[in-house]
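Reviewing the structure listed below.
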Amino acid sequence: MNGYIDDESWFGDEITPSGLHNWLYGENDAAVDDVHIRLNSYGGSCNAATRMFDDIRAYPGSVKITISGTAASAATVVAMAADRLEMTPGSLFMIHDPSTVAYGNERDMDEAKAVLRACKESILNMYGTRIRVSRNDAADMMTATTWMDSNEAFEKGFVDGITETPAKLPTDSAGHKVSLEAAKAGVQAWFDRKTKPFSVDRKQKTVPEPACVEPVVPEPVPVVTENRVTVLTTDTRLEHLRF
């Protein structure tokens, strides 16, 4: 599993719940063999991650997950579903508070805050199936945005062990330390793509815009219907949760 976690595929680099289900359960949901998943993901959608967590937990065979590279944000939720969870020595593990994009009046803002609080509690529920630190300590670590190497993740109980045979894993991260700067950039890239309103085409451009140019975001186009009040084509008051 290598990519961002989302409910749908927009850019072609996402891991989706349906894609994971088809791979894991196979044709006619008949698969029962034990599986080993190597995970590298900078995070994504909280909802998609929860669906994946539930699907992995329901799988009849044993599921081992090895974090090989980075497990950040929503990817850590998926990882919690493993029967056995390990990290390669050079991998990174990051937890933080969920976030969203919202606009509207005071009631809309209160609603968005309530959703975020509920989302954090649900994430703590899933962390609680494995971690050795208290729920309050884990909540504080999320608020602080905590990056951990394999040793710290193991000490705090987020993973069950550190791989002792990295040469057998076909990734650079098995034998080399992952760059923290690169991992942070990967997480930020997810936030950047998800802050675009739905009215903007999310497909990747063939030729990237120069970094020094501020991209122009078109205003939503009004839809005018005879004898009706003008309305906007999109309502992005509360974007789906990003974690």
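Which whole-percent values make up P(r) of the range 31-164 when all C-alpha to C-alpha distances are grouped in 10 Å steps starting at zero? Per 10 Å bin, starting at 0, the Cα pair percentages come out as 13, 43, 31, 10, 3, 0.
Two numbers describe the Cα atoms of the range 39-112: Rg and Dmax, which are 15.2, 48 Å. Charge tally around Phe158: other residues with Cβ under 14 Å, Lys/Arg +1 each, Asp/Glu -1 each, net -1. Extension gain, Ala185-Val115: 0.36 nm per intervening residue step, less the Cα-Cα distance, totals 22.6 nm. Taking 0.36 nm per residue of separation and subtracting the current Cα-Cα distance, fully stretching the chain between Asp54 and Thr145 would add 30.3 nm.
Work out how much length Asp83 to Arg193 would gain on full extension: take 0.36 nm times their residue separation and subtract the Cα-Cα distance, in nm to one decimal. Intermediate values should be presented prior to the final figure.
Numbers: separation 110, 0.36 × 110 = 39.60 nm, distance 3.24 nm.
That works out to 36.4 nm of additional length.
Diffusion coefficient (Stokes-Einstein, Kirkwood radius over C-alpha pairs, 10 °C, 1.306 mPa s) for the range 1-72: 127 µm²/s, rounded to a whole number.
Shown for the range 33-191: lysine pairs separated by 8 or more places, or found on different chains, whose C-alpha atoms are under 29 Å apart, numbering 14.
Each value in this text was obtained by applying a stated rule to the coordinates, not by laboratory testing. These figures come from a predicted structure and were not determined experimentally. Backbone-built Cβ (ideal geometry, glycine too); neighbour counts: all protein chains shown.
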